[in-house]
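For reference, the structure is listed below as structure tokens.
The values are calculated or read from the model by the stated rules, or taken from the named source; none is laboratory data. Keep in mind the model is a prediction, meaning the values are calculated, not measured. As a convention, Cβ positions derive from the backbone with ideal geometry for all residues, glycine included, and neighbour counts pool all protein chains shown.
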Amino acid sequence: MKVSHTLVVFDLETTGTWVEKDKIVEIGMIKCLPDGSREQYVKRVNPGIPIPQYVSRLIGITDKDVRDASPFREIAAAVLGFIGDADLAGFNLERFDLRVLQREMTDAGLQFSWQDRTIYDAQKIYHVNEKRNLAAGYKFYCHKELVDAHTALGDSRATLEILEAQTKKYSSEEESIETLQRFNYEQPDDYFDEKRRFRWWNGRLYPMFGKYAKKHSLREIARIDREYLEWILRKNFSNDVKMMIEGVLNGQYPISPGGQEKTDND
């Protein structure tokens, strides 16, 4: 692949998917130069907060692995120097990695602007050019064209063939379709309610609206502004939310999908 201007391809592993709050635990970059040469940079980072267990299972990095690593602020200048004025590339880059990196740079007292650079997002290119519907899955796994698409029986028959092919591809011959269950794992929902008004982060629940949006946890709000929580009880929120808020006002804090909330002494 030829490049006329230096290109840095990078990826971040993080403690979660909340752009405004989650932290980097690893950064890997490959610099592609116009002369055809390449350079690499990889560092693990101590995020300063626990890595949720489900995240550790996904990325293979635990709290122990980064315990002795430097915080991002100590490597930020080196990261920025490696990137220089390069174009940037990655997978799901604009929606996540670039925004997290920009926030981490700002927290480190450095300026990182990517909006005026050329960006190559492989995910966007993939989604534009490759279909991911049933017909595409049928062709990929069964090497056949779906000729009776959008008929109930035809789609069911194709789905069955795909499952048979997936069982053969991802399991041993002795195993059955039940082995595919391991691929149904989903990470815990970051949100408490269906309307996504309250979000979990680092074991605590944060409002995503109003004057405390994304800034203070409900535990903190209960200490500094109980009237705000009482206001929520009077407004049009779900019964589950109101029951949760009543609990917070009574000192009973909700348990996050990843375990018990931190105590005041943590």
*Taking G60 and the conditions (1) without any contact (Cβ under 8 Å) to a residue 12 or more places away in the chain; (2) touching a helix residue (DSSP H, G or I) at 6+ places or on another chain (Cβ under 7 Å), which numbered condition does it fall short on, given that it satisfies the others?*
(2)
*Does E178 count as part of a helix (DSSP H, G or I) and within 30 Å of V8 (Cβ to Cβ)?*
no
*Hey, among K144, K211, K215, K131, which residue is assigned to a loop (DSSP other than H, G, I, E, B), basic (K, R), modelled with pLDDT under 85 and out of contact with any strand residue (DSSP E or B) (no Cβ under 7 Å at 6 or more places or on another chain)?*
K131
*Odd one out for A149, checked against (1) modelled with pLDDT under 85; (2) of a type in the set (A, V, I, L, M); (3) in a strand (DSSP E or B)*: (3)
*Only one of (1) out of contact with any helix residue (DSSP H, G or I) (no Cβ under 7 Å at 6 or more places or on another chain); (2) modelled with pLDDT of 95 or more is not met by W18, so which one is it?*
(2)
*Among the residues of region 157-177 satisfying the criterion of being more than 19 Å from Y138 (Cβ to Cβ) and either β-branched (V, I, T) or surrounded by 12 or more Cβ atoms within 10 Å (Cβ to Cβ) (or both), which is modelled with the lowest pLDDT?*
E175
*Kindly check whether there is at least one residue in region 117-124 that is in a loop (DSSP other than H, G, I, E, B), modelled with pLDDT of 90 or more, within 24 Å of the chain's Cα centre (by Cα) and crowded, with 16+ Cβ neighbours inside 10 Å.*
no
*Being exposed (fewer than 13 other Cβ atoms within 10 Å of the Cβ) and part of a strand (DSSP E or B) is the filter here, so list the residues in region 31-67 that pass it.*
R38, E39, Q40, V42
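From E104, E145, E130, E161, which residue is acidic (D, E), under 30 Å from D87 (Cα atoms) and free of Cβ contacts under 8 Å to residues at least 60 places away in the same chain? Explain how you work it out, then say what you get.
On the way: E104 fails: free of Cβ contacts under 8 Å to residues at least 60 places away in the same chain; E145 fails: under 30 Å from D87 (Cα atoms); E161 fails: under 30 Å from D87 (Cα atoms).
Checking each option against the conditions leaves just E130.
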